[in-house]
Amino acid sequence: MSIAQIKNLQRRLANLEQESVQELNRACGHELWQSLGFDALDALEDPDRRSRANYYYGQLQTVRELQQVIG
């Protein structure tokens with residue numbers, strides 16, 4: 001991979017990370033999930049919000065794993 005491709009990938013991953021965090025904050029209604037982790041998502045009573053939060057939490061975890069690999 002060229003340097004330009006890596007920088008573009010890092011930028012896109014950063015955008016996905018930001019989107020995930022924003023959607024998790026919206027689904028949970030607060031930022032406590034950042035310190036509580038996955039347990040905060042399971043506590044959501046609304047099944048639609050819980051489903052959306054689980055999706056974006058999975059996306060966030062994937063993005064962070066990829067960011068670690070490419071540096």
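See the values below:
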{"read-out": "Residue check, Val69 under 8 Å from the mean Cα position of the chain (by Cα) and assigned to a helix (DSSP H, G or I)", "value": "no"}
{"read-out": "Residue within region 21-37 that is among the polar types (S, T, N, Q) and in a loop (DSSP other than H, G, I, E, B) present", "value": "no"}
{"read-out": "Positions within region 1-54 being touching a residue at least 40 places away in the same chain (Cβ under 8 Å) and more than 12 Å from the chain's Cα centre (by Cα), in sequence order", "value": "Ile6, Leu9, Gln10"}
{"read-out": "Options Arg12, Arg49; residue that is closer than 24 Å to Gly71 by Cβ and either modelled with pLDDT under 90 or open to solvent by 70 Å² or more (accessible area, probe 1.4 Å) (or both)", "value": "Arg12"}
{"read-out": "Filter result for Val69 (touching a residue at least 40 places away in the same chain (Cβ under 8 Å), within 22 Å of Asn8 (Cβ to Cβ) and β-branched (Val, Ile, Thr))", "value": "no"}
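The values are calculated or read from the model by the stated rules, or taken from the named source; none is laboratory data. Just so it is clear, the model here is predicted, and its values are computed rather than measured. Cβ atoms come from the backbone with ideal geometry, glycine included; neighbour counts cover every protein chain shown. SASA here: full protein model, heavy atoms, side chains in, ligands and nucleic acids out. Shrake-Rupley method; radii C 1.70, N 1.55, O 1.52, S 1.80 Å.
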